Amino acid sequence: MTRFVLARLVQMAAVLVVMSFVIYTLIGLMPGDPIDVMVASDPHLSTADAARLKALYGLDQPLARRYLAWGEAALRGDFGYSRLYQQPALAVLLPRLGNTAILMGTSFVLALGVALPLGIAASRNPGSAFDRAVNLIALGFISVPSFWLALMLIFVFAVALGLLPAGGIETVGDGGVADRARHLVLPVATLALASMGGYLRYMRAAMIDALAQDYIRTARAKGAGEARVLLGHALRNALIPVITVAALSFGSLFSGALVTETMFAYPGMGQLIYEAVLGSDYNLALAGLLLATAMTLVANLGADIAYAAADPRIAYR
Amino acid sequence: MVQPRRRWRSSGTVLLAFIRRHSAWVAVLLSVLFAVPAVARPPDELAIGITQYPSTLNPVIDEMVAKTYVLGMTRRPLTVYDADWHVVCMLCVTLPSFENGLAQKLDLPGGKTGVRLTYTIRPDARWGDGVPVTTKDVLFSDAVGKDPRTGVADAELYRRIIAIRAVDDKTFVMDIDKLTFDYADMNDFEILPAHIEAAAFANPEEYRFRTAYDTDPTNPGLYFGPYRITELSPGSHIVLDRNPTWWGPKPYFRRIVVWTIENTAALEANLLAHGIDMVAGELGLSLDEALAFEKRHGRDFHVIYKPGLTYEHVDLNLDNPILAERDVRRALLYAIDRAAISASLFAGRDPVANSFVPPLDWVYTDDVPHYDYDPGKAAALLDAAGWRVGPDGMRRNSGGQSLSLELATTSGDRTRELVEEVLQSQWRQVGIDVHLKNQPARVLFGDTLTQRKFDMAMYAWISAPENVPRSMLRSDEIPDAANHYAGENFPGFRDPETDRLIDAIEVELDRGKREALWHRLQRLFAEELPSLPLYFRAEAFVLPPWLDGVTPTGNEYPSTLWIENWRRAMPGSEG
Amino acid sequence: MTMRKGPALVLTALAIAVTAGPMLIGQAGALVDLRHRLAGPSLAHPLGTDEIGRDLLLRLLEGGRVSLLVGLVAALAAAGFGTAIGLVAGYRGGRIDALLMRITDGVIALPLLPLLIVLAALDPRKLGLQGLADSDAASLYRIIILVALVGWTTVARLVRGAALSLREREFVRAAVSLGASPLRIMLVHILPNLASPIIVATTLSVGDIILLESVLSFLGLGVAPPLASWGNMLTGAQETIALAPQLALYPGLLILLTVVSCNLLGDSLQQALDPRGARR
């Protein structure tokens, strides 16, 4: 197992390096002079310094040399300065990471918390009215554009009813737990509803599969109660693919969080990346994208480890 | 075989039972979530919302409205344009003029005429640490501004000051290289505290990074206005408290907090939740956002619309053969309904522009060619110019070339994009084919305009009262590779009469004569139309009903320069 | 049976509406009419008007044209690419299969939206595509390419699965023993039999592709004004939501309707044609 994990970690590092090269190249294709922007963002640089650095790393230098220079600094933890915030890029990113983690974490738990029981309930009578309704609801949620869902929620709860704030992370001057929680309700609801559909369908399908297995029939024949059969046997086995799918869809959860954060002006990482790209803040965009990719890779690795740990039939070589 | 059906409670009943059992907790949770919090703030504290955070607090480095707004509470310029757009003294005692002898003509080598101005700093002006504001500070500030290594934003200002000489601690004499009609206007000369900033200026190249305004911004010695900065949270907010050394009337508010909330939906949400009391018009909601807000919450807030000096227009590249013809330019203007745009999109708050001079400016004249919406006239002009309507409704000339132009503006600005679509549609109706090509502001202002790679470009100039359009219209201010793209005459307008008028206006001290020159200039502009004037943008100030004394200026100088007059209305004196 | 007929009918109706509708309504509705902006339903404008007075129904239909067209073309492009990948992976097997599937999984797992945002913000002139950049339809080309770049994975997976099983069939074995080249076998023998999984996979991916286009257009990185698409009609809706919620409601509803129909259709097609295919 350890060898497997180590091998995967090495693979992860390789993928990250490749991605960093790809993204760095893409940044170089942005409008304007990205190198100029990246170098000159540092408010502590004199113009002479900026000119010197630009000559060193400018667009007339070969790509490989530029990338290596950037990479070397990155390994030291220096991701350059953010043009928009006049601070080191990493210093801008890391606090936002926390905000996004709260948003994604809460939505993830909520989505699973609703999808799993519903999926289990639906799987008990496939084809019943309840099952068809659940299926339709799930289909609806995977088909709805998440930003539109956000718009509708904003309209109903913030505009029409005036119950919840339409944006932001807290009321300025407040920032207490209750205030923050109020500001989280709509974003979390949006993200949870948008991601719930997929989990629901997968849970239901996995449970139906599990319930059709032989060992279920054996358990029932042995007289086990319905609850025990459902939750004790079937769920345990159905949960494995579901959790791994959920972890593998981390990437799409992050994309959903980006849209949600932008809609609700929630200061998270996704919204930061969007603003950095559009605001030509290339250092920030680069660092943010890499962080997002790294997080996704870690989540994938976690999923694989969890899968291996949960299912003794899987042996990784 | 039929599966035995066990009794199993449906999911719905399980949920209901759960809620019933934990109803107390559920009630608490719901009330916490949905109760509108009351942000407690003492009545002598004011919270202002703006949409940007200053990149630096140093008065001479970087041009940012956010910075000028906040600094407006903490210091006073020598002179300023007040709300009636007259130059008045703020830090000085008497405004120099030829009548009172404080201004004198200066003969300069080369036959040029300069002016010698004498200013006296108010005797009671003191920095927040008690040190008086003296001519030492003036001389220091001049040295900082003149040094090319410090990278000040407005280098032109310092270039025009030939020399400054201190008469005593409070009086100094300035020699300016050109006698212009606005000779007494020293609005932009910022005074820095020599006793604090001298250390930072020891190495001029490093001044930008060593300036105490950024390394020690809460130092009281940096400010001499009604307030001083006592606390900051970068990117979030700035706290200002009363400055005991302030010479004027004691400001009503003990403490002012300026919050930066970039997203306008969040700005509105905070207004409603009383996280902030007001939104600054200089840097807050756009006009249509304010209009929408007023529609919904007009009862709880007082919205002031102040027409301003932001001149929204469409520059026409006169090197394009289509646009080189004056009749085509006039047709373009006749074909669009600016009054309707202003009336419907801006509730009529943005006055239609006839030229680059705003209606509130004293030199404004309405006696210029007007181009009220008249598609018939536009069509006639185009026909006469040789552009005939083809079968597809679009016009072509005899050579088969179609009347097709590109319109660029800043992308991401919803209002501008809507206006663009309106213009495009109206031009299409007279057979002009316009394509929209939007770009990020950096690209538009950085490359496209300076290198004149456009057909038509829609954007705004922020002007000043009686601002002479030298760099906008003079024929030697056309940016090109030879002059390193200096100048702002993006249309490429070359008119000797305009050049003459501009030169004459600058040095004409007699108001009557100058007014006549201005009228001629406006008429010429409206006849030639190097750019299509659209409207002057108004600023929207969203204020609570209990706040008195906020006087929007409508010009580039913020309302905070009179912040000592802001107060809570006395009960019974509403309205 | 209604599971398939229903959505198919809906999609056909939509297709007809967006194709014929604008021609029937005529261009009068496209005129900007500032005196009647954000108006409610009336005889002249059955659904009301938008922020600058254009007829909302007409805009919805025109937007539908673009959204459906982009969806279809991108889906076909993605299907082409995905089929190629899936075919090679499934037929060749072994390390090529492992590599290609690893890449596919990698693309699925990546945080796609941030990367697409970067790709959308690229300057096409730097890629030497000056002519493309200046054309009117530039934003259309861009969005189709972007969406196709990430939309091929579903097809690749399904095709690979089918190709894997087809590889073992008699007629393929026969062709191999007769000395046919791998390329010939893939194109002549296996590909025609992949019709079902390809159709299923493409239908299933159209929904996702339409959603992707709408998000990117909404963010201002997809279809650019004055071209309408359901996504970019929602861009300004947040500002006017208090005054005119219908501007936000209709485009989103249409997207929802279209995507649900595609998904339902794809699901039922899968039941009928390829029940052993990968589940979503």
>> Taking the condition of being in a loop (DSSP other than H, G, I, E, B) and crowded, with 24+ Cβ neighbours inside 10 Å, how many residues in the range A:242-253 meet it?
In response: 0
> Hey, among the residues in the range B:389-429 that are outside any loop (DSSP other than H, G, I, E, B) and among the hydroxyl-bearing types (S, T, Y), which one's surrounded by the fewest Cβ atoms within 10 Å (Cβ to Cβ)?
Replying inline: B:S404
>> Within the range A:209-224, does at least one residue satisfy the condition of being open to solvent by less than 30 Å² (accessible area, probe 1.4 Å), in a helix (DSSP H, G or I) and within 14 Å of chain B (Cβ to nearest Cβ)?
In response: yes
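Here's the yes/no breakdown for (1) open to solvent by 50 Å² or more (accessible area, probe 1.4 Å); (2) touching a Lys or Arg at 6+ places or on another chain (Cβ under 6 Å); (3) of a type in the set (A, V, I, L, M); (4) more than 7 Å from chain A (Cβ to nearest Cβ):
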site	(1), (2), (3), (4)
C:G80	no, no, no, yes
C:G86	no, yes, no, yes
C:I108	yes, no, yes, yes
C:L113	no, no, yes, no
> For the range B:412-433, which residues satisfy the criterion of being more than 7 Å from every other protein chain (Cβ to nearest Cβ) and in contact (Cβ under 8 Å) with a residue 24 or more places away in the chain?
Replying inline: B:T415, B:R416, B:V419, B:E420, B:L423, B:W427, B:R428, B:Q429, B:V430, B:G431, B:I432, B:D433
> Can you find even one residue in the range B:474-494 that is without any contact (Cβ under 8 Å) to a residue 60 or more places away in the chain, over 23 Å from B:P321 (Cα atoms) and either crowded, with 20+ Cβ neighbours inside 10 Å or in contact with a Leu (Cβ under 7 Å, 6 or more places away or on another chain) (or both)?
Replying inline: no
> Given the range C:94-137, what helices (runs of 4 or more DSSP H) lie entirely inside it while holding 1 or more residues that are at pLDDT below 80?
Replying inline: C:94-109, C:130-134
>> Just to be sure before I move on: is C:G90 crowded, with 24+ Cβ neighbours inside 10 Å and either among the β-branched types (V, I, T) or at pLDDT below 90 (or both) in the structure I sent?
In response: yes
> Going through the range A:254-269 one residue at a time, which ones are more than 14 Å from chain B (Cβ to nearest Cβ), in contact (Cβ under 8 Å) with a residue 24 or more places away in the chain and open to solvent by 10 Å² or more (accessible area, probe 1.4 Å)?
Replying inline: A:G256
> Within the range A:307-314, is there a residue that is facing another protein chain (nearest Cβ under 9 Å), touching a helix residue (DSSP H, G or I) at 6+ places or on another chain (Cβ under 6 Å) and on the phi < 0 side of the Ramachandran plot?
Replying inline: no
> Are any of the residues in the range B:333-353 open to solvent by 10 Å² or more (accessible area, probe 1.4 Å), more than 14 Å from chain C (Cβ to nearest Cβ) and in a loop (DSSP other than H, G, I, E, B)?
Replying inline: yes
> Within the range B:314-329, is even one residue touching a helix residue (DSSP H, G or I) at 6+ places or on another chain (Cβ under 6 Å), at pLDDT 90 or above, closer than 28 Å to B:S404 by Cβ and of a type in the set (D, E)?
Replying inline: yes
> For the range B:385-407, how many residues meet the condition of being charged (D, E, K, R) and at pLDDT below 90?
Replying inline: 1
>> Just to be sure before I move on: is A:L289 open to solvent by less than 10 Å² (accessible area, probe 1.4 Å) and of a type outside the set (S, T, N, Q) in the structure I sent?
In response: yes
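Residues are listed down the side, and each one gets a yes or a no for (1) of a type in the set (A, V, I, L, M, F, W, C); (2) surrounded by fewer than 21 Cβ atoms within 10 Å (Cβ to Cβ); (3) under 28 Å from the mean Cα position of the chain (by Cα):
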| position | (1), (2), (3) |
| --- | --- |
| A:M104 | yes, no, yes |
| A:A115 | yes, no, yes |
| A:R124 | no, yes, no |
| A:F130 | yes, yes, no |
>> For the range C:223-246, give me each residue that is assigned to a helix (DSSP H, G or I) and within 22 Å of A:E261 (Cα to Cα).
In response: C:W230, C:G231, C:N232, C:M233, C:A237, C:Q238, C:E239, C:T240
> When you go through (1) more than 21 Å from the chain's Cα centre (by Cα); (2) aliphatic (A, V, I, L, M); (3) facing another protein chain (nearest Cβ under 10 Å); (4) open to solvent by less than 20 Å² (accessible area, probe 1.4 Å) one by one for B:L436, which number turns out not to apply?
Replying inline: (4)
>> Anything in the range B:440-454 that is touching an Asp or Glu at 6+ places or on another chain (Cβ under 8 Å) and open to solvent by 30 Å² or more (accessible area, probe 1.4 Å)? List them, or say none.
In response: B:R452, B:K453
> How about the range B:115-234: which strands (runs of 3 or more DSSP E) wholly inside it have at least 1 residues that are open to solvent by 70 Å² or more (accessible area, probe 1.4 Å)?
Replying inline: B:161-166, B:227-233
> Hey, among C:L158, C:L146, which residue is within 20 Å of the chain's Cα centre (by Cα), over 28 Å from A:V298 (Cβ atoms) and open to solvent by less than 40 Å² (accessible area, probe 1.4 Å)?
Replying inline: C:L158
> Counting only residues that are at the interface with chain A (Cβ under 9 Å from one of its Cβ atoms) and small (G, A, S), which one in the range C:227-254 is most open to solvent (accessible area, probe 1.4 Å)?
Replying inline: C:A242
>> Looking only at the range A:138-197, count every residue that is outside any helix (DSSP H, G or I) and either touching a residue at least 40 places away in the same chain (Cβ under 8 Å) or more than 9 Å from chain C (Cβ to nearest Cβ) (or both) and tell me the total.
In response: 17
>> Being out of contact with any Gly (no Cβ under 6 Å at 6 or more places or on another chain), modelled with pLDDT under 95 and in a helix (DSSP H, G or I) narrows it down to one residue among B:A464, B:A482, B:A486, B:A460; which is it?
In response: B:A482
> Just checking, how many residues over the range B:496-508 are aliphatic (A, V, I, L, M), in contact (Cβ under 8 Å) with a residue 24 or more places away in the chain and crowded, with 16+ Cβ neighbours inside 10 Å?
Replying inline: 2
> Of all residues in the range B:235-245, which are surrounded by fewer than 24 Cβ atoms within 10 Å (Cβ to Cβ) and within 13 Å of chain A (Cβ to nearest Cβ)?
Replying inline: B:G235, B:S236, B:H237, B:V239
>> Just checking: which of the helices (runs of 4 or more DSSP H) contained wholly in the range B:246-324 hold 3 or more residues that are surrounded by fewer than 22 Cβ atoms within 10 Å (Cβ to Cβ) and touching a residue at least 12 places away in the same chain (Cβ under 8 Å)?
In response: B:287-297
> In the range B:42-58, which residues are over 14 Å from the mean Cα position of the chain (by Cα) and open to solvent by less than 20 Å² (accessible area, probe 1.4 Å)?
Replying inline: B:L46, B:A47, B:I48, B:G49, B:P54, B:T56, B:L57, B:N58
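The values are calculated or read from the model by the stated rules, or taken from the named source; none is laboratory data. Remember, it's a predicted structure, so these values are computed and weren't measured experimentally. Cβ: placed from backbone, ideal geometry, glycine included. Neighbour counts: every protein chain shown. Side chains included, ligands, DNA and RNA excluded: accessible areas come from the protein's heavy atoms. Shrake-Rupley method; radii C 1.70, N 1.55, O 1.52, S 1.80 Å.
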